[in-house]
Amino acid sequence: SLRFPQKLWKMLESDQFQSVWWCEDGKCVAIDKDLFEAEVLGREGQQVFHTQKIKSFMRQLNAYGFTKMQRNFQRSASLPEFLAEEAAASAHSQILYYYNPGFQRAHPWLLETCKRR
C-alpha cells in the first residue's frame, strides 16, 4: 500500500479526479474543498485515503510537511487549469493551496523526502 504522499501524487497525475490539480508551476497542490469532500472522501467502498473528513485529510498534509498557502500568485497559464479556477471561484467554493518543497511535479524523486513528522 502506498504512503500518503504517493497516493496524493497518483491522484494529481490521473485524469480521474477534478477536485485536485497541480498549480501552474507544479510546485503546489490546489484542492477544491467541497468537490474533494464529495469526489474523494465521500467515495463508497473505494476510499483513497483512510478518512471521510476533510480535517483529517488536512492533518495528514500537515503531518507530511505541507504548508497552507494564500493564493496571491498569478492565474494559471494553462486553459484547463484557468477554467477550473474560474469555475471554482464563481461557484464560491473554497480552493485550498498546499506547498511542500519535496512535492513537485517536475521532481518525482523528491517524494522520498516527504516523511511523516
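The values are calculated or read from the model by the stated rules, or taken from the named source; none is laboratory data. From a predicted model like this one, the values you see are computed outputs, not experimental measurements. Here the Cβ positions follow ideal geometry from the backbone for every residue, glycine too, while neighbour counts run over all protein chains shown. Accessible surface is based on the protein model in full, side chains and every heavy atom, while ligands, DNA and RNA are left aside. Shrake-Rupley method; radii C 1.70, N 1.55, O 1.52, S 1.80 Å.
In order along segment 13-22, the Karplus-derived 3J(HN,Hα) couplings, from 6.51 cos²θ - 1.76 cosθ + 1.60 at θ = phi - 60°, round to 7, 8, 8, 6, 10, 9, 8, 9, 7, 6 Hz, and Gly and Pro are given as x. Here the sum of -39500 (n - 2.57) over DSSP H runs of 4 or more residues, divided by the residues of the chain, equals -8500 deg cm²/dmol at 222 nm, to the nearest 500. Between Q70 and E39, the modelled label-to-label distance comes to 2.7 nm, taking each label 7 Å out from Cα in the direction of the beta carbon. Derived value for segment 1-57: Kirkwood hydrodynamic radius 11.8 Å. Basis is the mean of 1/r over every pair of different alpha-carbon atoms. In this structure, Q94 and R3 have a Cβ-Cβ separation that, at R0 = 25 Å, corresponds to a calculated FRET efficiency of about 0.40. Against the criterion of solvent-accessible heavy-atom surface with a 1.4 angstrom probe, L110, L2 sort, most first, into L2, L110.
Normalised by the number of residues in the chain, the average gap of Cα pairs under 8 Å and 6 or more apart makes the relative contact order 32 percent.
The mean of 1/r over all pairs of different alpha-carbon atoms in the chain, once inverted, gives a Kirkwood hydrodynamic radius of 14.6 Å. Computed from the alpha carbon positions, the gyration tensor of segment 29-71 leads to an equivalent ellipsoid with semi-axes of 19, 13, 7 Å, biggest first. Close amide H partners of M69, meaning residues 5 or more places away or on another chain with modelled amide H under 5 Å apart, are Y97, Y98, Y99. The lysine pair count for the chain, using Cα distances under 18 Å and pairs eight or more places apart or on different chains, is 15.
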